[in-house]
Each structure stands twice: as C-alpha cells, then as structure tokens.
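J.: Input: one structure, supplied below.
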Amino acid sequence: MKHQTLDQLQSVADVHAEATLLIATRGQRLERWAQLLEQNPDRCLGALAGTEYISAEVRDRMRSAGSPITVAFEDPIFRAQGLKEDTYGEAKRFFELTDWQLHEIVCHCHVGATMPARWAATRVRAAVSGKFGFFAWLRGVFML
C-alpha cells in the first residue's frame, strides 16, 4: 500500500474530509438522517409495504428505491461510518431502531405508497425523542 497525502488523494478520488467526523451516538446518527431528509423536504420518497406483517428474515431484506433509508445510504458520511446498504435490516442495525420505530418511519400504512421527505424527517425525529403520535406528527408538519 502506498502512503499518500490528502492532497494527493483528492487528485484521484472524491475525498470527503467531513466523513472522518465521528457520528458516535444513536441520537447523532438519527439527527443527521433527519437533516438529510430536510435538505429536500418535498422530495417524494417511496414507502415500504407491510413491514409489520412480513417475517423478520424477509423484512430485513426489504428495500424500496428512493425510500427514506435510501436518503441515508446516499450520504458518504453514513457509508464511511458503516451503513452498508439501503435495506430495512441495515437501517435497523445502523440507527439502532426497533422494528416498531422503523415501521413508524418507513411503512406505507401511515402514508400510502409515497411520502414527502419532510414527513419522514418528522418521524425520524420522533424516534430520537421517543414521542410518536398524532401531536408529534402535527407539531413536525407545522414546525418545518
């Protein structure tokens, strides 16, 4: 392996210096995910269908192109921190969420087939605070 400086690497690779920042806690990762979603609040995201009815093995492999999980996976910092793919199971592991919490964020039963990114950001923030429910959702809709 050849040692190269950061300047040398930048000439041959897309180097993101911010990727070296440690996003150490669950709360920090969830907050960053919410912020990524809020960068394009009207982006139409795909929901996952029936996460509560599928076996855990199948559920862990579920994905939907353009889902809230995809937004997280598009982030080079999250990938550098160990987010391996945009599946339900990987999001559950990386963000340290329970099935119920991730269901509240990505399942179609709350919104239908698609959702605006701002809605998903509100749900991610609810996972941070532990305050899911109608009033948390309503507060998030009017606070964004």
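FYI, it's all coordinate maths here, none of it is from the lab. A quick note: this is a predicted structure, and the numbers were derived from the prediction, not measured. Cβ: placed from backbone, ideal geometry, glycine included. Neighbour counts: every protein chain shown.
J.: What spacing in nm lies between the two simple spin-label points modelled at Tyr53 and Arg79, each 7 Å away from Cα in the Cβ direction?
T.: 3.4
J.: Let me ask something additional. By how many nm would the segment from Ala113 to Trp100 lengthen if fully extended, with 0.36 nm per residue of separation less the alpha-carbon distance?
T.: Working it through step by step, the gained length comes to 2.8 nm.
J.: Same structure again: Please state the equivalent ellipsoid semi-axes for the stretch 25-143: what are the square roots of 5 times the Cα gyration tensor eigenvalues, largest first, in whole Å? Working shown, then result.
T.: Values: eigenvalues 69, 57, 38 Å².
Ellipsoid half-lengths, sorted descending, are 19, 17, 14 Å.
J.: Can you work out the FRET efficiency for the pair Ser129 and Arg93, with r the C-beta to C-beta distance and R0 = 22 Å, to the nearest 0.05?
T.: 0.55
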